[in-house]
Amino acid sequence: GEDVEQSLFLSVREGDSSVINCTYTDSSSTYLYWYKQEPGAGLQLLTYIFSNMDMKQDQRLTVLLNKKDKHLSLRIADTQTGDSAIYFCAEKTTDSWGKLQFGAGTQVVVTP
Amino acid sequence: GAGVSQSPSNKVTEKGKDVELRCDPISGHTALYWYRQRLGQGLEFLIYFQGNSAPDKSGLPSDRFSAERTGESVSTLTIQRTQQEDSAVYLCASSSGLANSPLHFGNGTRLTVT
């Protein structure tokens, strides 16, 4: 079955690094995604990684993938107050018609 | 258009009424998805369209829910005889359908059933 799990809450001080973790169970994952949702808005694609990669960096964002442990993380360097949002990880699997299976989301609160 | 557009952005309806939610995907995107997000929860898949056909309707919660897509463009999600538990944000997403293409989401329709 498909199951994507995330911790529900993360508090971080402005300027520090944030690390959001995600685990998934489906070994047929092809791509894994991170989305950001600000209050009252839809989901904004942040970054994604192909399952045969173990790291991807995009400006302040670093995605790490441990396929053996089925563990995905998103690191945000120099976290800013504008980074306060809910972050969703999602997986796409080979037999899913392209649909994404989402975690419940991690609420990140950035404090001054 | 530049992004996925959904209308209305907010809808308040009385229990028992029917509602129609509309989604305009990104031009040229053949794949279209509907998700539901209840307050404080993650996204629940409802239905997937490839072109005008729906090969995966597995997430529709009951026969009160239906969706159609015409012209490989606009999609409408219809909820008949709405119930209070239908209150949620309904999100639409589209993609080009290629293996590495991500889903691009609209801002959603917030449905409140009173």
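Please work out which residue is most open to solvent (accessible area, probe 1.4 Å), limiting yourself to the stretch A:86-112 and to residues that are hydrophobic (A, V, I, L, M, F, W, C) and within 14 Å of chain B (Cβ to nearest Cβ).
Here is the first cut: in the stretch A:86-112, the residues hydrophobic (A, V, I, L, M, F, W, C) are A:86, A:88-90, A:97, A:100, A:102, A:104, A:108-110.
In the following step, the residues that additionally are within 14 Å of chain B (Cβ to nearest Cβ) were identified as A:86, A:88-90, A:97, A:100, A:102, A:104.
Values: A:Ile86: 51, A:Phe88: 1, A:Cys89: 1, A:Ala90: 1, A:Trp97: 135, A:Leu100: 3, A:Phe102: 15, A:Ala104: 50 Å².
Within the stretch A:86-112, the match that is most open to solvent (accessible area, probe 1.4 Å) is A:Trp97.
Among the residues of the stretch B:92-114 satisfying the criterion of being open to solvent by less than 40 Å² (accessible area, probe 1.4 Å), more than 16 Å from the chain's Cα centre (by Cα) and of a type outside the set (Ser, Thr, Tyr), which is nearest to the other protein chains (Cβ to nearest Cβ)? Step through it out loud before you land on a result.
Filtering the stretch B:92-114 down to residues open to solvent by less than 40 Å² (accessible area, probe 1.4 Å) leaves B:92-95, B:101-103, B:105-106, B:108-109, B:111, B:113.
Then drop every residue that is not more than 16 Å from the chain's Cα centre (by Cα), which leaves B:101-102, B:113.
Filter once more, keeping what is of a type outside the set (Ser, Thr, Tyr): B:102, B:113.
Working: B:Pro102: 5, B:Val113: 19 Å.
By that ranking, first place goes to B:Pro102.
Which number in (1) more than 14 Å from every other protein chain (Cβ to nearest Cβ); (2) not in a loop (DSSP other than H, G, I, E, B) marks the one condition that B:Val89 misses?
Condition not satisfied by B:Val89: (1).
Within the set of pairs 6+ apart or on separate chains, which have a first residue in the stretch B:70-82 that is within 15 Å of B:Ile47 (Cα to Cα), a second that is open to solvent by less than 10 Å² (accessible area, probe 1.4 Å) and among the aliphatic types (A, V, I, L, M), and C-beta atoms under 6 Å apart?
Matching pairs, first to second residue: B:Ser75/B:Leu32; B:Leu77/B:Leu21; B:Ile79/B:Val19.
Give, as residue ranges, the strands (runs of 3 or more DSSP E) completely inside the stretch B:1-40 that count at least 1 residues that are in contact with a Lys or Arg (Cβ under 8 Å, 6 or more places away or on another chain) and closer than 17 Å to A:Pro39 by Cα. I'd like the intermediate steps shown before the answer.
Working: elements: B:5-7, B:10-13, B:19-24, B:31-37.
Output list reads B:5-7, B:10-13.
State the number of residues belonging to the stretch B:43-72 that are open to solvent by less than 60 Å² (accessible area, probe 1.4 Å), within 14 Å of chain A (Cβ to nearest Cβ) and more than 20 Å from B:Val4 (Cα to Cα).
4
The values are calculated or read from the model by the stated rules, or taken from the named source; none is laboratory data. Keep in mind that this is a model prediction, so the values were computed, not measured. Cβ atoms come from the backbone with ideal geometry, glycine included; neighbour counts cover every protein chain shown. What goes into the accessible areas is simple: the full protein's heavy atoms, side chains included, and nothing from ligands, DNA or RNA. Shrake-Rupley method; radii C 1.70, N 1.55, O 1.52, S 1.80 Å.
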